[in-house]
Amino acid sequence: MATRKIVKIGSEKLRKISKPVVEFDEELGLLLDDMKTTMVERRGVGIAGVQVGVLRRVIVIELEEGKYLEVINPEILKTKGKVKRNEGCLSVPGFYTDVERPKYVKIKAYDRHGKEFEFEAEDFIARCVCHEIDHLNGVLFVDYTDEGKNYKTELGVE
C-alpha cells in the first residue's frame, strides 16, 4: 500500500466527472488500499479516487477507527432531513466552512469484488458520503457557501 499525492483545489481534474468502474480487478483493489493509506496518513475521514488523481467512481470512508467503507459506483437512493455543519477537505487544506447536507442518506453501490450492496448512514457518516460523492461529480464543498466562493476567488480558482 502506497501513499499517493493529493490533488488540490485549482487542479482542473477535481472539476471532472469520474467514470464508472467496470473492471473489479486487482488494480481496483490496489487503488482502494492506496486511498485508505493516503487518507489515514493525511488524517482524513473520507477520500475519493479523483483526490489521488484517478477519475473513477470510488470512495473510502472511515466509519470508526480501523473500520472502513469502500464504495464503488455509488448512487444515492434516498435522503432525509438537513443539517448544517463544519466541513474540511484534504484537497482544500486549511479551509473549513459550514455546509448543509442531508441528515440521512441511503446509497446503492458495489464492493471491491463487484457485489452490489445498500448502505444507510446518518449524521457525520451521511455528510461524509455526500461530500465524497460530490467529488465524483466534480463538486467541492467550497461551492456551497459564500465563504467558500470567496476563498476560491482569493485563490484565483474556479
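Going residue by residue through region 128-135, is there one that turns out to be of a type in the set (A, V, I, L, M), under 16 Å from the mean Cα position of the chain (by Cα) and either part of a loop (DSSP other than H, G, I, E, B) or within 24 Å of residue 13 (Cα to Cα) (or both)? So far as region 128-135 goes, yes, one or more of its residues are of a type in the set (A, V, I, L, M), under 16 Å from the mean Cα position of the chain (by Cα) and either part of a loop (DSSP other than H, G, I, E, B) or within 24 Å of residue 13 (Cα to Cα) (or both). Taken together, the residues in region 136-157 that are buried (at least 16 other Cβ atoms within 10 Å of the Cβ), in a helix (DSSP H, G or I) and in contact with a strand residue (DSSP E or B) (Cβ under 7 Å, 6 or more places away or on another chain) amount to 6.
The C-beta contact set for region 29-58 (first residue at positive phi, second residue surrounded by fewer than 24 Cβ atoms within 10 Å (Cβ to Cβ) and in a loop (DSSP other than H, G, I, E, B), distance under 6 angstrom, 6+ apart or interchain) comprises 53/7. Scanning region 39-95 for residues being under 20 Å from residue 124 (Cβ atoms), small (Gly, Ala, Ser), outside any strand (DSSP E or B) and under 13 Å from the mean Cα position of the chain (by Cα) gives a total of 2. Tally time: how many residues in region 126-158 are free of Cβ contacts under 8 Å to residues at least 40 places away in the same chain, of a type in the set (Asp, Glu) and farther than 21 Å from residue 35 by Cβ? Going through region 126-158 one residue at a time, the tally reaches 3.
Could you give every pair whose Cβ atoms fall below 9 Å, whose first residue belongs to region 102-125 and is at positive phi, and whose second residue is assigned to a strand (DSSP E or B) and aromatic (Phe, Trp, Tyr), counting only separations of at least 6 or pairs across chains? Qualifying pairs under 9 Å: 123/104.
Throughout, read-outs are computed from the coordinates displayed, never taken from laboratory work. Everything numeric in this text was worked out from a predicted model, so none of it was measured. Here Cβ is always computed from backbone atoms with ideal geometry, including for glycine, and neighbour counts include all displayed protein chains.
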